[in-house]
Each structure stands twice: as C-alpha cells, then as structure tokens.
Amino acid sequence: MNSLQIEQLKIIRNEITRFMMKYKFALDEIETKMEILKEEFQALHDYSPIEHTKSRLKSPESIMKKLLRKGGNISLSSIEDNIKDIAGLRITCSFISDIYKISDMLQQQSDLTVLNVKDYIKNPKPNGYQSLHLLVEVPVYFSDRVEKVCVEVQIRTIAMDFWASLEHKIFYKYNKSVPQQLLEELKNAADTANALDRQMEQLHHEVQAIKDSESEDSLLEELKSIQINNRKYELPAGLLEVFTEEK
C-alpha cells in the first residue's frame, strides 16, 4: 500500500469515526436525561419508574449488513437515511403504567423530537413480543455545529425484557424455520409474562393504598425530611414555618 492509499484510508477512517461518535454522543445525552428523571422522581415520590437502562451502538459491520439487506447505497448519507436504530437505548421498568409515564416524560422534553411511536404492548407482535418503541431525534452539540441524531428507545417491563432476551437466545442464528409448536409455546410464555405484569401492578396499587392510609402523625414525620443522593436531610423547623406562613 503506497503513501497516497494510506492517507486516503486515514481520511475514511476519521470520517467513519466522526459518524459513529455522534451516535455515541446522542446516547450519552439521552442517558443523562433518563438519569435526571430517575433521580428527580425518586426524590419527589420515593419511587422511580426506571429500574435500569442499557445502551447499544451498532457495529460498522452490523450497519453494513443491514444497509445491504435494505438495498441502500454504500455511503454515510445512505446509512443515515436508511438505518434509524444505530443508537439504541433500552429502559426497563417495574410496571406497565411506568412505561407510559416514561414515554410521556420523554415526549415533553422540548429539545427532543419524537419521529415515530410503535406500541407493541397494545398491539403485540404475533410471536408475543411486547415493548414500546420511540424513535427520537437528539440534538448533539459540537464545537462548530449542532446535529440532530436518531436514537431508538425501547421501554419495557422486567417481565417483557426477560421474555425478549430468552426468545433472542433461543433463536439466535437459527437458520431453519421455527417449528410451530415452539412458536405456540413462546406465545404462551409471553401471555404468562403479561399476566404476571398485570398481577404485580395490581399488588403495587394495593400496597400504595395501604401506605396512603397510614396515620397522619407518621405522614407528618416523613414530610419533615428530604432525601437527596441517598442521604437524608432533616428540614429545619424555622424553614418549615417560613414556607407555611407564605402559603
């Protein structure tokens, strides 16, 4: 390989690196948003609808394979136009209602643009798969420009995530047609996971109702302190009196 070819390879490599980094930065931004929402909800409501998050960036090889399957031209602009899930974030919740809470919170972010919503909870896939998918545009701020980058956000419960992960492992690289019996068993497992989700949510509401009916004295004591970053702070009596008088 001569020096000209080496120089051209360097240029190509740098362009691909910049292209991939902007998706990495978009993921960083949206993960920061989710962490803020999680901490805020935990501090104000003593509960967070977000169990955990997991980000994923497609490899260049995976991107190329998908582009070729779609029949797109081999160029960075073609990749950007044809493949919208290069950057992906999975948000796992405890309850189905949490999924829609998080979706609403994301859609209220003024700097995010929601391009598409696919609700596989209200309309599950034939194999039983359930999840809420959002395609959002995230602004990425560089030193000389701002670019809007697509990120696919999948929001699901722990039970949905468990089913989807095992389904993927069972059929990963399975090149033959899947026997009908296995498809039916997987669908039944998905229905069982959904029934568990709904039962646990009902229990959650019942526990919350019990908590809400606790004695007024217990509630007053709880309201005299706040918790930030897992540290408890007692509120000074004088500060409480000032705010009470202002009301």
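The values are calculated or read from the model by the stated rules, or taken from the named source; none is laboratory data. What you are looking at is a predicted structure, and each value in this text was computed from that prediction instead of being measured. Neighbour counts run over all protein chains shown; Cβ positions are idealised from the backbone, glycine included. The protein model used for the area step is the full one, side chains on, heavy atoms only, and it has no ligands, DNA or RNA in it. Shrake-Rupley method; radii C 1.70, N 1.55, O 1.52, S 1.80 Å.
In table form, for the structure just shown:
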| item | result |
| --- | --- |
| Close pairs (6 angstrom Cβ cut-off, 6 or more residues apart or separate chains): open to solvent by 10 Å² or more (accessible area, probe 1.4 Å) in segment 132-157, part of a strand (DSSP E or B) and of a type in the set (Gly, Ala, Ser) anywhere | GLU152/GLY88 |
| Residue in segment 2-24 that is modelled with pLDDT under 95, in a helix (DSSP H, G or I), among the aromatic types (Phe, Trp, Tyr) and closer than 22 Å to ARG145 by Cα present | yes |
| Search result, residues across segment 150-172 that are at pLDDT below 95 and not in a helix (DSSP H, G or I) | TYR172 |
| Considering residues of segment 1-33 that are of a type in the set (Ser, Thr, Tyr) and either touching a Ser or Thr at 6+ places or on another chain (Cβ under 6 Å) or open to solvent by 50 Å² or more (accessible area, probe 1.4 Å) (or both) only, the residue farthest from TYR233 (Cα to Cα) | SER3 |
| Any hit, segment 108-118, residues being of a type in the set (S, T, N, Q), under 21 Å from SER48 (Cβ atoms) and either out of contact with any helix residue (DSSP H, G or I) (no Cβ under 8 Å at 6 or more places or on another chain) or open to solvent by 20 Å² or more (accessible area, probe 1.4 Å) (or both) | yes |
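To keep it simple, each residue is scored yes or no on (1) farther than 23 Å from ILE96 by Cα; (2) surrounded by 16 or more Cβ atoms within 10 Å (Cβ to Cβ).
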{"position": "GLU35", "(1), (2)": "no, no"}
{"position": "GLN42", "(1), (2)": "no, yes"}
{"position": "THR53", "(1), (2)": "no, yes"}
{"position": "LYS58", "(1), (2)": "yes, yes"}
{"position": "SER78", "(1), (2)": "yes, no"}
